[in-house]
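The values are calculated or read from the model by the stated rules, or taken from the named source; none is laboratory data. Remember, it's a predicted structure, so these values are computed and weren't measured experimentally. A quick note on method: Cβ atoms are made from the backbone with ideal geometry, for glycine too, and the neighbour counts reach across all protein chains shown. These accessible areas exclude ligands, DNA and RNA; they are computed on the full protein's heavy atoms, side chains included. Shrake-Rupley method; radii C 1.70, N 1.55, O 1.52, S 1.80 Å.
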Amino acid sequence: MIPEFQSLMLPLLKSASDGQIHTMQETIHILAKQLNLTEEDLNEWLPSKSQKKFYNYVYWAKAHLKMAGTLENKARGQFQITSRGLEVLKENPPFINIKYLTNKFGDYKNLLSNSKKSDAKINTTSKEGIETDDTYFNQTPEEQLELGYQKIRTALEQEILSKLKAVNPKYFEKVVVELLVKMGYGGSIAEAGEATRYTNDEGIDGIIKEDKLGLDIIYIQAKRWDSVVGRPEIQKFVGALAGQRAKKGVFITTSNFSKDATSYATQMDVKIILIDGEDLANYMIDYNLGVSIQSTYEIKKIDTDYFEEE
């Protein structure tokens with residue numbers, strides 16, 4: 001299991017105690033071995049899939065040690081311990097973390113205090129030194145961003161579901177067809193899908209072509225419900241599909257499915273996909289249906305090649 005990134009500071013500094021120049025890749029290998037990390041651990045990604053988690057943790061542990069003046073960069077991907085770093089190791093501290101560095105080094109404390117991401121989390125009124133929100137500092141900046149993003153997304157999912165549950169059934173069927181078109185089924189709305197007549201639909205709420213050529217048809221059942229969808233509803237849908245000699249169906253609801261319903265759907269010869277409220281809201285966000293982009297943030301990093309002197 002990968003430990004939180006602050007716990008990597010002391011072992012990282014110790015790994016550079018020989019005074020030689022070290023690379024990030026070499027250090028990652030050494031620390032992974034010391035921590036007995038498995039291949040599975042080393043291949044774990046951040047939720048954004050932008051970087052492997054352990055590499056990200058080592059990077060930020062090194063970044064804080066460099067901010068504190070205990071390490072210095074030498075060339076691209078290379079670093080070396082400083083005299084300050086060696087002095088720290090001589091004191092044989094039981095651990096090194098952000099609180100330790102802020103209490104020990106005023107320049108590091110000032111750097112941290114001046115960063116926008118720390119303004120709301122640092123209390124500089126204490127004479128003994130800085131007080132920090134441990135939960136906040138146990139996360140790397142990428143994790144903080146992703147946590148904030150997930151909170152916003154979860155709130156948006158709930159808002160979408162609330163809106164869907166308030167619309168009339170025919171409008172909900174229209175939304176479902178539009179979503180499937182946005183997901184790549186059937187081409188345009190005009191040619192790809194249609195909502196069936198409200199009466200005499202025999203358990204089918206919508207029909208959509210599987211592709212632009214219409215080589216196969218997908219039948220849709222859309223339930224704007226609050227209660228759990230059980231096995232009987234899936235059985236009715238299977239019966240409706242059989243009546244149409246259909247091979248494929250999608251059952252979409254604003255609530256969720258019982259285990260019995262999910263199990264039954266997987267046992268059928270016809271292909272039935274179940275989409276519950278959470279999945280439905282996520283698909284609408286992913287395919288920009290009923291939502292709009294409010295803000296876009298670019299995460300940038302230093303271009304070390306630019307600063308290489310010829």
Farthest positive-ward along the chain dipole, Cα basis, beta-carbon charges - from Phe105, Ile272, Ile234: Ile234
Please arrange Trp45, Trp225, Trp60 by accessible surface area, largest first, computed with a 1.4 Å probe and ligands excluded. Trp45, Trp225, Trp60
First select every other residue whose beta carbon is under 14 angstrom from the beta carbon of Met1; then total the charges, Lys and Arg +1, Asp and Glu -1. -4
Name the long-range amide H neighbours of Asp211: under 5 Å, sequence gap of 5 or more, or other chain; modelled H, no Pro or chain starts. Gly186, Asp216
What is the ratio of the Cα radius of gyration of the chain to 2.2 N^0.38 Å, with N the residue count, to two decimals? 1.43
Whole-Å distance, taken between Cα centres, linking region 257-310 and region 20-95: 32
Taking a ≥ b ≥ c as the square roots of the Cα gyration tensor eigenvalues, with a/c under 1.5 meaning rounded and otherwise prolate when a/b beats b/c, else oblate, which class fits region 237-278? prolate
Among Glu87, Glu146, Glu44, which one shows the highest mean-square fluctuation when the chain is modelled as a Gaussian network with alpha-carbon springs under 10 Å? Glu87
Sort His29, His22 by accessible area with a 1.4 Å probe, largest first. His29, His22
Just grab the label-to-label distance for Leu86 and Asp216, each label 7 Å out from Cα along the Cβ direction, in nm (one decimal). 7.0
Counting only helical runs of four or more DSSP H residues, what would the 222 nm mean residue ellipticity of the chain come to if each run contributes -39,500 (n - 2.57) and the total is spread over all its residues? -13500 deg cm²/dmol
About its Cα centre, the chain carries a charge dipole, from +1 on Lys and Arg Cβ atoms and -1 on Asp and Glu Cβ atoms, whose size in debye to the nearest 20 is 380
Ignoring ligands, DNA and RNA, what accessible area per residue does the chain give at 1.4 Å, in Å²? 61
Please list Ser258, Ser295 from largest to smallest accessible area, probe radius 1.4 Å, with all protein chains kept in place. Ser295, Ser258
Only four residue types carry charge here, +1 at the Cβ of Lys and Arg and -1 at the Cβ of Asp and Glu. Report the dipole size of region 233-283 about the Cα centre in Debye, rounded to the nearest 20. 320
Inter-site label distance for Gln235 and Asn43 at 7 Å from Cα along Cβ, in nm: 4.3
Carbon-plus-sulfur fraction of the accessible area of the chain, 1.4 Å probe, in percent? 50
Cross-link table Lys109/Lys151; Lys66/Lys104; Lys212/Lys247, entries beyond 24 Å C-alpha to C-alpha: Lys109/Lys151
Specify the residue with the greatest mean-square fluctuation among Phe172, Phe79, Phe105, computed from a Gaussian network of the chain linking alpha-carbon atoms under 10 Å apart. Phe105
FRET efficiency (Lys170, Val270; Cβ distance; R0 30 Å; to 0.05) is 0.75
